[in-house]
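Below is one structure, written out as structure tokens; comments come after it.
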Ligand SMILES: Cc1ncc(C[n+]2csc(CCOP(=O)(O)OP(=O)(O)O)c2C)c(N)n1
Ligand code: SF4
Ligand SMILES: [Mg+2]
């Protein structure tokens, strides 16, 4: 999708649906400094969603969509679960894969895009729940990392199977009792960030989505590193407020509680040496660009 491709012929503009007109007028495609602050003003960043009211996954989705560095040339791969309910509302290319197969589908897609559009940037981003990523899809997740496939895997970790009513997931914390897992989890939460690091991921972050600017930075880094170097993994705590008995206003506090230093979602980051070099280069270029813009502005004002 590109801004040129969504343009409407001027003669037909009036009769197009208001939603489409709005998308053409205000989409952030191609806007260099697009970010979470564009939320609320841009159509493709989800105006509405079909998740439970106050579900943190809806915030996470918005922050991620606003942070994609190249949305018009990005394909997202989803999987069955609550995450998949949002994709129909999203104006970014996406594919719904069979539950658990998302990293296999993304591998083929990324390779096909590289062959079909050599020299053109085409980002692929997987977005799936913890059940899809670590339980049923673990084989596909790990094999994509072992093969050093160049795409980002994002896991919306709500520590259970939310969409099917609350079954146990490998990501569930020890002792937790869910509606459909009455015996309680018998073992500790699977440490997928550590496994990702040991399986060849070049950039790994574990955090919550309580801070939009942090999520923006992490997603951008993850996409840049995947584009140039190899697989990246981001695990985001998006609590299922329904299953943990919180109301729609309590999701944010739940995330803040879970990111305390001794808690499960204390900020954790791993960056390979190669990725460190790349991110330092990108940061230096951005600094130069900002300094040049400042100089230009000062020149205009003088
Ligand atoms: C192959 C296959 N197995 C099982 C299911 C049933 N199923 C649908 S959603 C889901 C759980 C999703 O859990 P998770 O990936 O954690 O996403 P969440 O709903 O928690 O966001 C399951 C088991 C399915 N749709 N397809
Ligand atoms: S069931 Fe849980 S994860 Fe799914 S939409 Fe509702 S609050 Fe969000
Ligand atoms: Mg889940």
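Which of 58, 272, 79 ends up with the largest GNM mean-square fluctuation for the chain, with Cα atoms connected below 10 Å? Its mean-square fluctuation being the largest, the pick is 272.
Sorting the segments 192-203, 149-160, 166-177 by their mean number of nearby beta carbons within 10 angstrom, highest to lowest, gives 149-160, 192-203, 166-177. A Förster radius of 35 Å combined with the Cβ-Cβ distance from residue 147 to residue 48 puts the calculated FRET efficiency at roughly 0.40. Within the stretch 73-116, all pairs of alpha-carbon atoms sorted by distance into 10 Å bins from zero give the percentages 27, 54, 18, 1.
Which one of 53, 128, 144 has the biggest mean-square fluctuation once the chain is modelled by GNM with Cα springs under 10 Å? The residue that fluctuates most here is 53. Could you grab the relative contact order for the chain? Cα pairs under 8 Å, six or more apart, rounded to a whole percent. Taking the mean separation of contacting Cα pairs over the length of the chain, I get 16 percent.
Could you state the number of Å between the C-alpha centres of the stretch 183-232 and the stretch 81-111? First find each Cα centre; the distance between them is then 18 Å. How many percent of DSSP beta bridges within the chain run antiparallel, rounded to 5? If we restrict to bridges inside the chain, about 20 percent are antiparallel. Neighbour counts of C-beta atoms inside 10 Å place 47, 4, 57 in the sequence 4, 47, 57, starting with the fewest. Is the stretch 4-68 best put as rounded, prolate or oblate by its Cα gyration tensor, with a ≥ b ≥ c the root eigenvalues, rounded for a/c under 1.5, and otherwise prolate when a/b is larger than b/c, oblate when not? Oblate is the answer for the stretch 4-68, as a/c is 1.5 or above yet b/c matches or exceeds a/b. Against the main long axis of the alpha-carbon atoms of the chain, helix 102-116 sits at an angle near 20°. The calculated FRET efficiency for residue 198 paired with residue 4, based on their beta-carbon distance and R0 = 41 Å, is about 0.40. If you bin all the Cα-Cα distances of the stretch 107-250 at 5 Å, starting from zero, the percentages per bin are 2, 10, 18, 21, 18, 14, 10, 5, 2, 1, 0. Rounded if a/c is under 1.5, else prolate if a/b beats b/c, else oblate: with a ≥ b ≥ c from the C-alpha gyration tensor eigenvalues square-rooted, which is the stretch 202-274? Cα axes put the stretch 202-274 in the prolate bin. When only alpha carbons of the chain are considered, Rg and Dmax amount to 19.8, 72 Å. Axis of helix 212-228 versus longest Cα principal axis of the chain: the two differ by about 80°, to the nearest ten degrees.
With contributions of -39500 (n - 2.57) from each DSSP H run of at least four residues, the per-residue ellipticity at 222 nm computed over the chain stands at -11000 deg cm²/dmol. Take the alpha carbon gyration tensor of the stretch 1-144, find the square roots of its eigenvalues, order them as a ≥ b ≥ c, and report rounded if a/c is under 1.5; if not, report prolate when a/b exceeds b/c, else oblate. Oblate shape, in that a/c is at least 1.5 and b/c is the bigger or equal ratio. Can you give me the orientation-averaged projected area of the convex hull built on the Cα atoms of the stretch 243-299, in nm²? Here the figure is 7.7 nm², rounded to one decimal. If you line up the long axis of helix 273-301 against the longest principal axis of the chain, both from Cα atoms, how many degrees apart are they, to the nearest 10? Between helix and principal axis, roughly 40 degrees. When the chain is treated as a GNM with alpha-carbon contacts under 10 Å, the residue of 292, 266, 222 showing the greatest mean-square fluctuation is 292.
Throughout, read-outs are computed from the coordinates displayed, never taken from laboratory work. Please read these numbers as outputs of a predicted model, since none were measured by experiment. FYI the Cβ positions are ideal-geometry reconstructions off the backbone, even for glycines, and counts take in every protein chain you see.
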